[in-house]
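This report concerns only the one structure given below.
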Amino acid sequence: MSTDKRRWKWLSAAFLAILIGVVAAACGGSDSETTTAAEDTAAADTAAADTAAAEDTAAAAGGETKIVMGFLSNCEGPFGPFWDATLAGYYTALVQYAGATPVDPADPKAGVTGAMVPGTDVPIELNTNYGCSDDKADKALAEAKRLVEQEGVNVLIGPLSGDEGIAVANYALTQPDVTFLNGISGAQDTTLKVQAPNFYRFFSDGAQWTAGLGAYAYNVLGWRTAVTIGDDYSFPYTQTAGFVSEFCSLGGTIEERIWPALGETDYSSYIAKLPKDVDGFFLDVGGTGTVQFVNQYTEVNGEDSLQGKVMGGAFISNPQIIAELGNKVKGVVAGSALPSDATTPEWEAYVAAIEAAFPDQTANAANIFLAGYYNNTVAAIKGLEAVAGNIDDAAAYHAALNGTEIETGVGPVTIDGNRNAVMDNFVVEVTDTGTKTLFVVPAVDQSFGGAFSTETPNPDRENPECVAGNPPPWAASITG
Amino acid sequence: MSANEGLKAKHVATAGPRVSWSKGTIFLLAVLAVAVLGIGIQAASDATLFAQITLNGLTLAGLYFIVASGFTLIFGLMRVVNMAHGSFYMLGGIIAFLVQERMLKPDPTSFDLPTATFGSFVLPLVIATFSVALLGLIIQQVFLRWNQGQELRQALITIAISIIVADQAVARFGGIAKEISVPIERSIELPIVGNYGTMRLVMLLVAVVVGLLLLGLITRTRFGMIVRAGVDDRQMVTALGIDIQKVFAVAFLLGAFLAGLAGVLGGSVNSVNKADDGKFLLISLVIVIVGGMGSLTGAAIGALLLGLIDSYSDVYLPDAITNYGVLLTFFLLVFVLAVRPYGLFGRPG
Amino acid sequence: MIPARLQWPVGIAVVAVACVLPFVVSGFTTSQILTRAMILGIAAASLIFLASLGGWVSLGQTGLYGVAGFAVGNFVEADGGSKTFGMNIWLATILALLVTVAVGLLIGAIASRSEGIYFLMITLAFGVIIKLLFEKATDLSGFGGINQIVQPEIFGSAQLQPERIYFVCLVVSIAVYLGVRYFARTPFGLAFQGIRDNATRMKALGYNVTLIRTIAFGIGALIAGLAGVLNVWWNTQISPGTIDIGPLIFLLMIAIIGGLYRIEGAWIGALIYVILDNRLRSVELVGERVATALGIIFLLIVLLSPGGVMGIYESISRRVRRPPSGDDAPAGGEGAAAPGVAGD
């Protein structure tokens, strides 16, 4: 027993030494950086990267030599596995427009080198700092603060998920000199309600992704009554809002809105109570829930496929989900921000850009996680180009961003007064080669032709109300 | 000195406040009666729905029981609160899925998902459950064995392991829920209920078999005798010269095995999901607290209660309060602990 | 242990350093390192309070912390949650603390009848259930958490004057620390500790054991609630993720790092945790796998020094002052790390 205790003491002492070492090292690191961060962002840049080469020229020119970009995505939590895809989108933009070179084309995590603001007299480097969240608003907020206040980030790209986006947009209100561009978070409120003048989203929101579906259900499938099923949180509310608003505006009615609690994995009881006498269902249960829901639905109803009976939001047309469900979702019609089967020059240019940077990632071209980060990073670079890399004048940079039009895989994208993208959306059908585009819904804006505004209630369990009249402009063009 | 404290704690436990069983029973029965009445009225209005929901609850309870029986076995005998139990469950599903994926080699360009044969279902199942069991044994031998009796430290060790496993699962296993393919028709036609998932019924059957085997093991074998004696008084068992360490090792192996098995079944019925570890740890905790720690019967009753509450509350609660369904679990805990501080079938100490 | 005559000077020195720090370091460090550590420290203090005086390890403290935070968010004007009250922030804070204590008393009344590891399991179950409730009941937690929670006006801008909220947290920390020290010497506190050591005897002496424990748990809930309120004042935002099983475990980790049986360990543990959390990502080997690294550190601490940093400190200072002498080491290290739960 006593030898045991002695051993413990030694181990404890050794451990304490290690711990003190780690903490001391950590403190040392944080000291050097925090002092610089306190002075000003330009000085923080020098601390952020030791490899800086152009310091002297910069001082001489009296301008910035480096701009610090922040990349905020999820490397933990439910969306952790999409870290690579989001990184690939971010870096592809840097490679394509900022002259960067991938360190390892097979692995986006290895990063890029040599990113510069395009078209400036004095070379201005684009350095990147990384933030990792876990789908929790808290964590995203803490990471955003760390990037902005500790690492001195000038332009932040991110975050990834809906609740995170709302939290970061709220934070943007308190940091008017820093510019925020959304990653791929899709909550409508982020731009429509929070209205931070320095928060931009060059990609559509969750409601826009379902544009055209309501009209397809009403005009093509002939549905008059429908039931919606979605996980009980902000993102499905937003997506369902798009469907409900459009379907009802044409005269359809929503019999019931079912919201299984978030985190549910056993949907069998909800499926058992689905009304039997409606024309169809709009399904929007989350990333993992879709697989479970579809499997259980086919079991309970003894059907092999959901075709004609179910329409879906962004989840069901996700390539990874289709790969899991195969024939069960064949023929299902869904909304999508990206057309995986497109053969347009824009799409091919976009895929070629990914291939040039990260050949393995072309499979993710139709993955919104990659595309969202790509679009927003492209916009950030275009804006920097327009102001010749002068980030000190935030107002000028923001004015440049407001007027920026970017080339993307789905054609040119601009932003509206809420700094939210106006872009095409796609009604797609799941086929055995992926998805087939049925309709292109042109220039979908966040307001859905006026159905959503700063005054309308946030999408939630009961909202928007089902009201006939004032269909969005594209509804008439979607007919069988 | 730690032994002293433990003894003191034991005294307290026996001397703690105890409401008599009959009073508690009456109270619980009253609550139960109200619930049954409410559900009965609903049931009368739609018999098919009621039958479906009830079967859902029963099959879910089967899964819960398999997980929780392993948890209660480990706890009852060794007083180890295995916080990594949910991780074992999750690992079972992940390993089985990965092995099956290797065996079936799905063609990424083809749309038709490969279906498992008997062999390509059973082999992943066996490999997964045995590797999880082995992992459990290793954890017990490396980390827990020499901390015997230090309950808190053992719990903390397993918590640390669960953090590491969860983070590694995120890093190595994709984000989308995966399904383990099964070699049978997915659904069959039942009287009254209509179509029903075959694997759910299989899962219920497995749970019953597991329950009976465990019961046999506990009541009919020497191992079971030692376990029962150990649950009641470990010091006495050790004093009798029985090598309790060997029994502990087997119990931990078995507990991890059951969690792994449940993980594979859950992954076939539903899906393999890397958020399952926390969920099934909570389920095990609630079942075992309600049923009484170390009691197999208690685990079965607890699993039934939780499974049925889950199913009924999804459907029969009014829409406005569906989302407060989790409060039913809360009140179940409060009620049971208020009348039986050590669970329905638990004994102090 | 610090000799009694040095306790006040050392305490004053620590407070003095804490007062000077925000003027030395950057606003970010003040807000994201120091203030965050203070808040987590108070939350961990609620855990250590119960562990050191009551011999209970409660995993329900994050749940109570969340109850307080969500209550404030619901009572005041904010984006998300119930919008019906729109109260003054101070009134909302007082009500939130009352609600938290009420919930704490309910859970305490149930949990206080159990011991050691049972108590840990029961409080864990309650902690997770509270999180699930807020996750599912979006009426209470908003559709993307509760955002833009108003702060008391005296705090000014969190960006421009981060030191203001820091000093509030510092004052609350000191109050909690002194309060717990004082409580331990009151007759009630002594009775509570007596129950930890021998409940049967206390019962025989005529003490109402269950009542005393329930009230003590309520006091723990009050401390956790204070931390929860400060958290929403500081962060102006709360979501169910704030009290998920991860934060729950990391709060326990803070308490373990600090040592479960010394109240000052709460803040030391919190500071170490916050710094690790902030800096680990920059370590090449760790990269994105911060949780794995924290898990391994946690495992090492539990394996090597259950007394945490305070335990290591004490065992070293004992060695310095006295030649090592086998088994007669006083309480500390392994045994005392888990009073009452050491088992048999």
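Descriptive notes on the structure:
- Protection proxy ranking for A:147-158, C:106-117, C:197-208, using the average of other Cβ atoms within 10 Å per residue and placing the highest first: A:147-158, C:106-117, C:197-208.
- Of all DSSP beta bridges in the protein assembly as shown, antiparallel share, percent nearest 5: 45 percent
- Residues A:ASP341 and C:ASN198, FRET efficiency given R0 of 60 Å [Cβ-Cβ distance, rounded to 0.05]: 0.20
- Convex hull volume of the C-alpha atoms in chain A, normalised per residue: 171 Å³.
- Each peptide among A:241-248, A:76-83 gets the average number of other Cβ atoms lying within 10 Å of its residues, and from highest to lowest they stand as A:241-248, A:76-83.
- Derived scalar couplings ³J(HN,Hα) [region B:54-68; Karplus, 6.51 cos²θ - 1.76 cosθ + 1.60; whole Hz; x for Gly, Pro]: 5, 5, 4, x, 5, 5, 4, 4, x, 4, 4, 5, 4, 5, 5
- For A:GLY312, the amide hydrogen comes within under 5 Å of the amide hydrogens of A:LEU283, A:VAL333, A:ALA334, A:GLY335, counting only partners 5 or more places away or on other chains and with H modelled in the peptide plane.
- Over chain C, Cα pairs under 8 Å with separation of 6+ residues give a relative contact order of 29 percent.
- Under Stokes-Einstein, with the Kirkwood radius over Cα pairs as Rh, the value for region C:202-312 at 37 °C and 0.692 mPa s is 203 µm²/s.
- Backbone HN-Hα couplings from phi across region B:160-165 [Karplus 6.51/-1.76/1.60, Hz, Gly and Pro as x]: 4, 4, 5, 4, 5, 4
- For the pair B:THR238 and C:GLN7, label points projected 7 Å from Cα toward Cβ lie 3.6 nm apart.
- B:ARG222/B:LEU32 FRET efficiency (R0 45 Å; Cβ-Cβ; nearest 0.05): 0.70
- Computed from backbone phi with θ = phi - 60° and the Karplus coefficients 6.51, -1.76 and 1.60, the 3J(HN,Hα) list for region B:320-337 is 4, 10, 3, 6, 8, x, 5, 5, 4, 4, 4, 6, 4, 4, 4, 4, 4, 5 Hz; x is used for glycine and proline.
- Amide hydrogen neighbours beyond the local backbone of A:SER133, cut-off 5 Å, H modeled: A:SER73, A:ASN74, A:CYS75, A:GLU76
- Label reach from C:TRP90 (point 7 Å along Cα→C-beta): in region C:129-152, amide nitrogens under 12 Å belong to C:152.
- Inter-chain shielding of B:277-285 (mean C-beta neighbours from other protein chains, 10 Å cut-off): 4
- With the simple model of a label 7 Å out from the Cα in the direction of the Cβ, B:THR25 to A:GLU462 spans 4.7 nm.
- Inter-label distance for C:GLU77 and B:ILE321, nm, one decimal - labels placed 7 Å from Cα along Cα-to-Cβ: 3.3 nm
- Normalised convex hull volume, region C:14-247, alpha-carbon set, Å³ per residue: 118 Å³
- Shielding of B:334-343 by partner chains, average beta-carbon count, 10 Å: 3
- Mean per-residue shielding of peptide C:28-35 is 5, counting Cβ atoms of other chains within 10 Å of each Cβ.
- Three-way shape call for the protein assembly as shown based on the alpha-carbon gyration tensor, with the a/c threshold at 1.5: oblate
- When peptides C:251-258, C:74-81 are ranked by their average number of other Cβ atoms within 10 Å per residue, the highest-first order is C:251-258, C:74-81.
- Nearest-ten-degree value, helix A:368-386 long axis tilted from longest Cα axis of chain A: 50 degrees
- Sorted by Cβ neighbour density within 10 Å, fewest at the top, the residues B:TYR316, A:TYR397, B:TYR324: B:TYR324, B:TYR316, A:TYR397
- The Rg/Rh ratio for region B:231-276, using Cα coordinates for both the radius of gyration and the Kirkwood hydrodynamic radius, is 1.27.
- Shape annotation for region B:20-339: C-alpha extents along the principal axes are 61, 60, 36 Å, from largest to smallest.
- Charged-residue dipole, Cβ positions (Lys, Arg, Asp, Glu), region C:70-144 about Cα centre, Debye nearest 20: 140 debye
- Annotation: the antiparallel percentage among DSSP beta bridges lying fully within chain A is about 40.
- Mean Kyte hydropathy of 1.0 or more with a Cα span along the axis of at least 18 Å, helices from DSSP in chain C: C:4-24, C:36-54, C:89-111, C:116-136, C:162-185, C:209-235, C:245-258, C:290-304
- Region B:150-295 - percent relative contact order, Cα under 8 Å, separation 6 or more: 33 percent
- Efficiency of FRET between A:ALA110 and C:PHE183 - r from beta-carbon atoms, R0 35 angstrom, step 0.05: 0.05
- Database remark: amide H of A:LYS66 closer than 5 angstrom to the amide H of A:GLU125 (H placed geometrically; neighbours at sequence offset of 5 or more, or on other chains; Pro and chain starts carry no H).
- Chain A: relative contact order as a whole-number percent, Cα under 8 Å and 6+ apart: 18 percent
- Rounded if a/c under 1.5, otherwise prolate or oblate - region A:251-308, Cα gyration tensor axes: oblate
- Value of Rg to Rh for region B:307-349 (Rh from inverse mean 1/r over Cα pairs, i.e. Kirkwood): 1.13
- Most fluctuating residue given options B:GLY266, B:GLY70, B:GLY194, as computed from a GNM of chain B linking Cα atoms under 10 Å: B:GLY194
- Principal-axis tilt of helix A:83-97 within chain A, Cα atoms, nearest 10 degrees: 70 degrees
All of the numbers you see were taken from the coordinates with simple rules; none came from a lab. The structure presented is a predicted model; accordingly, all values stated were derived computationally and were not measured. Note that each Cβ is placed from the backbone with ideal geometry, even for glycine, and that neighbours are counted across all protein chains shown.
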